[in-house]
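These notes concern the structure reproduced below.
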Amino acid sequence: MSQGFQRGLENEYLLPYISFTTQPSGTSIASGGSASLSAVATASTGIGYLTYKWYQNDSQIGSATTALSGVSTSRTFTLDYSGSQDTRDVVYKVGAEWTPENPDIIVSHGTPGVGATGVGVGQSITGQDPQGQVFSNEVTVSVSPTITISGITTSGTDTAYNRERTLTAEATIGNGDTDRLAYQWSADGTDISGATSRSYVFTPGAVGITTYSVVVSYPPDSLVPDVTGPDTTDFSLDLRQIVRLEFYPISEPAANSDFRVFSEEYNLTDYPDGLFIDQKLMQSVVTTRNSGTYWWERAFFVGMISVEDDLEVDIELGGCEGTQDGIDRGGKGGWTVISGTMNQNQEFFGMGGEGRVSNLGGGNFPSSVYELGTLIGVVGNGGNGGRNRQGGDGGADSAGETGGNGSGGPGGSYYQPDTLPTTGVRKERLSRCPSGDSWFQNRYSACQQFDARFKGYDGIDFQAASGSTNSLINRGWKNMDENHQFNNGDNGRGHGGSGAVAGLPDDRRSATNGNGGGGGSGYYSSSWTKRAAVRGGNDGSNRSWNYGYNDTLTQTVTTDGKDGYIRLFGRGGSAGNNTNFNDPGDGFTRQASVVRNPNNTVNGVSIDRSGLFLDLRNWPTSQDVLVRGRVTVNNSGHFLSTYLTDGGNFSYGLRGDSDSTRGDMGTTVFTLNENSGTVDVWLQGGKIYQFRSRDHRANRSGVYKGGENQGGRAGNASGGDFDITIHDNGASSGDNNQGGNADMRSAWSIRGTRDR
């Protein structure tokens, strides 16, 4: 049809009928989101255009838009919601109206369904059609507030598996009704029963890695979508092994208010070479003392209490040296190591004394430990020297040595494990279970346990000094006056040393003969494992014993050589330790080790290179092992590094040059620089990794594990197998490279596992 402007049927414009072939649909939208509404309007005939208008709650929104006749268009009207209201319903509709190109010559309506088509999305139609504006159906759009999680905070940065921490979701909702948000925490994808608060408080209870998350919802309004917070990974480690030492007055009534309990807490993981307990440590803890009556200068009574966990420990005992008379020394104290479990909040009572004390010497308290009042280990003190010959050495798992090279007082006799009589004999034999003074005897049997604070022999609780604790725990030690049976050994020249059984003087009728007294005997309980024992072993020399999984690790210490002592070694809590890692996935305890020249095969993996290696062959290749290196000493004027490498064919011997500049590094998988602090790296299990070193100035260096001889004045590397020392400016010899003088030393440990 022509579009002329003369009247005539050939030039007439037809007025179309308007209808909606597609109606808009309702939807939901949250704050910060968007939605689109669509409608299709159709003109039956004619030459003109459609005009579109959208209405929100009967009020026009936006401006009018058009679509030319005969042209299909797509237009988007976007609804954005950013308000803070509760969910509400908003009603939308669209109107469509025809506008002819020349309204003056319109003569009639066109046939419905034929003609121009307009597509409006978020539009309305206006025009001069006598039919007026045609409206779509009304639709409802539900708009709701949005939940926002800005992050997850963690309080309690201590990652020990047995320490409490708190995860808190930082969540808000657009309507401000934050108090009615609901939470569900999950661990490794599984909902945690009862963990439905904003904060989740938990104690892992085992070494391992757990991923936590939280879903936040708004129960008052089901239209508000749930939001899942970011994952938070918890590395639960075995870092804390807290032992409280409580130093007690020796053989005093608690009714005397001058006497107090002094205490201090120690983390055994901070003492890889053991926590050394003697009268000097007591003096450092006790800030007010009466040395005349308190005995602080001569001996110590100590309670050893595991505060947070059941701890696997080694207990080293060294006996006192006897008093020298003339030119002849007293006998050396015995030395032993026992291992077992120090249960949480149970009393371990220890005692020991100062050696070479005039008119006392080997007659001082024998170094011994009681578990809940039952003797688990004791070493004999050396006998006092005579005027002509030395005293006998104290026993360990043996009788004491006879004084005077066999011609003096007899040593104390030996009792096999668990055969020491319950009742002791004053100055002759220890009680296996001390009965205490009369107050205790009237209430408890000798080996009976009871919940209490430490009491004097009068049954009254000792008061704790300021800042100290007298713990209410499960006990078994029963206190007694100073004349009771634990004070073994006769005093004076030539007299015997204390022990499980006291040594005898050269002549029991006289203390002035020329030959020395016998050493006291040792003893241990079968409830604990004996690791090492040497009669007269507390002589100032180095002593070693094996520990760990299959006893593959070695601990080396230097004995005191004079005073009695107790030394504690933390081997881990109930969840394992740094090197004996209990894998919760398969229930096996796996062992890492640091080895020199491992020419052997483990789980089918062999190595034929020499050098120092971290051995992870006890883990399957399907697992990763979390390895930590921590710099403990940095004392070099050169910049130093320690590496772990995978592969390569480089070999070096003890005191050989392991510097990375020698090449053939394979793949470097771990770098620990002298200023790195602590570094954690996941390494594949089932492999063995070589330690390499780097002196960035001299380009020559050596690497050693604890106890290895570095050559010349460098001395033995300090620490245990998992303490790695770098010697700068050469592979060996040189100046002192021990302890705090080490050029670089680092502590290595296993912290977790995961499936690859």
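The values are calculated or read from the model by the stated rules, or taken from the named source; none is laboratory data. Values in this document were obtained by computation on a predicted structure and should not be read as measured data. Neighbour counts run over all protein chains shown; Cβ positions are idealised from the backbone, glycine included.
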Kindly state which strands (runs of 3 or more DSSP E) lie completely within the range 320-434 and contain at least 1 residues that are out of contact with any Ser or Thr (no Cβ under 6 Å at 6 or more places or on another chain) and over 18 Å from R567 (Cα atoms).
-> 374-378
Would you point out the residue of the range 717-742, among those that are among the charged types (D, E, K, R) and over 19 Å from D273 (Cα atoms), that is modelled with the highest pLDDT?
-> D728
Answer residue from the range 211-264, given it is aliphatic (A, V, I, L, M) and farther than 30 Å from G350 by Cβ and is farthest from the chain's Cα centre (by Cα) among those | L223
Tally of residues being among the β-branched types (V, I, T), in a loop (DSSP other than H, G, I, E, B) and modelled with pLDDT of 90 or more across the range 270-306 = 0
Residue within the range 685-700 that is at pLDDT 90 or above and under 23 Å from the mean Cα position of the chain (by Cα) present = yes
Looking at the range 338-362, which of its residues are within 22 Å of G536 (Cβ to Cβ) and aliphatic (A, V, I, L, M)?
-> I338, M351, V357, L360
Among what's in the range 603-616 and is among the aliphatic types (A, V, I, L, M) and either touching a strand residue (DSSP E or B) at 6+ places or on another chain (Cβ under 6 Å) or free of Cβ contacts under 8 Å to residues at least 60 places away in the same chain (or both), pick the residue that is farthest from G720 (Cα to Cα).
-> I607
Quick one: in the range 357-369, of everything that is out of contact with any helix residue (DSSP H, G or I) (no Cβ under 9 Å at 6 or more places or on another chain) and of a type outside the set (G, A, S), which residue is surrounded by the most Cβ atoms within 10 Å (Cβ to Cβ)?
-> P366
By my count, strands (runs of 3 or more DSSP E) wholly in the range 196-269 with at least 3 residues that are at pLDDT 85 or above and among the charged types (D, E, K, R) are 260-267
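If you take the residues in the range 142-165 that are in a strand (DSSP E or B), polar (S, T, N, Q) and surrounded by fewer than 21 Cβ atoms within 10 Å (Cβ to Cβ), which one is farthest from the chain's Cα centre (by Cα)? Full working, then the answer.
Initial filter on the range 142-165 (in a strand (DSSP E or B)): 142-144, 147-155, 160, 165.
With the extra rule that they be polar (S, T, N, Q), the set shrinks to 142, 144, 148, 150, 153-155.
Subset that is surrounded by fewer than 21 Cβ atoms within 10 Å (Cβ to Cβ): 142, 148, 150, 153-155.
Values: S142: 49, T148: 32, S150: 27, T153: 18, T154: 15, S155: 15 Å.
The selected residue is S142.
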For D451, which of the numbered conditions (1) assigned to a loop (DSSP other than H, G, I, E, B); (2) modelled with pLDDT of 80 or more; (3) not hydroxyl-bearing (S, T, Y) fails to hold?
-> (1)
If you go through the range 603-631 one residue at a time, how many are β-branched (V, I, T), in a strand (DSSP E or B) and surrounded by fewer than 17 Cβ atoms within 10 Å (Cβ to Cβ)?
-> 1
Failed criterion for R713 (all others in (1) under 18 Å from R751 (Cβ atoms); (2) among the basic types (K, R); (3) surrounded by fewer than 17 Cβ atoms within 10 Å (Cβ to Cβ) hold) = (1)
Of the numbered conditions (1) buried (at least 24 other Cβ atoms within 10 Å of the Cβ); (2) touching a Cys at 6+ places or on another chain (Cβ under 9 Å), L372 fails exactly one; give the number of that condition.
-> (1)
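Considering only strands (runs of 3 or more DSSP E) fully contained in the range 676-756, which possess at least 3 residues that are within 19 Å of Y652 (Cα to Cα) and assigned by TED's automatic domain parsing to the domain that holds D624?
Working: elements: 678-684, 688-695, 701-705, 723-728, 744-755.
Those strands (runs of 3 or more DSSP E) span 688-695, 701-705, 723-728.
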Only unsatisfied item for R493, checking (1) more than 28 Å from N359 (Cα to Cα); (2) modelled with pLDDT under 95, is (1)
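If you scan the range 514-557, which residues turn out to be hydrophobic (A, V, I, L, M, F, W, C) and assigned to a loop (DSSP other than H, G, I, E, B)?
At the first step, the residues of the range 514-557 found to be hydrophobic (A, V, I, L, M, F, W, C) are 528, 532-534, 545, 553, 557.
W528 - this is the single residue of the range 514-557 that is hydrophobic (A, V, I, L, M, F, W, C) and assigned to a loop (DSSP other than H, G, I, E, B).
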Counting only residues that are small (G, A, S) and modelled with pLDDT under 90, the range 662-684 contains a total of 2
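Of all residues in the range 148-190 being among the polar types (S, T, N, Q) and free of Cβ contacts under 8 Å to residues at least 12 places away in the same chain, which is farthest from A206 (Cα to Cα)?
We begin by selecting, within the range 148-190, every residue among the polar types (S, T, N, Q); these are 148, 150, 153-155, 157, 159, 162, 166, 168, 172, 175, 178, 184, 186, 190.
Filter once more, keeping what is free of Cβ contacts under 8 Å to residues at least 12 places away in the same chain: 157, 178, 190.
Values: T157: 17, T178: 34, T190: 18 Å.
Per the stated criteria, the residue is T178.
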Hits in the range 166-182 (condition: assigned to a helix (DSSP H, G or I) and in contact with a strand residue (DSSP E or B) (Cβ under 6 Å, 6 or more places away or on another chain)) | T178
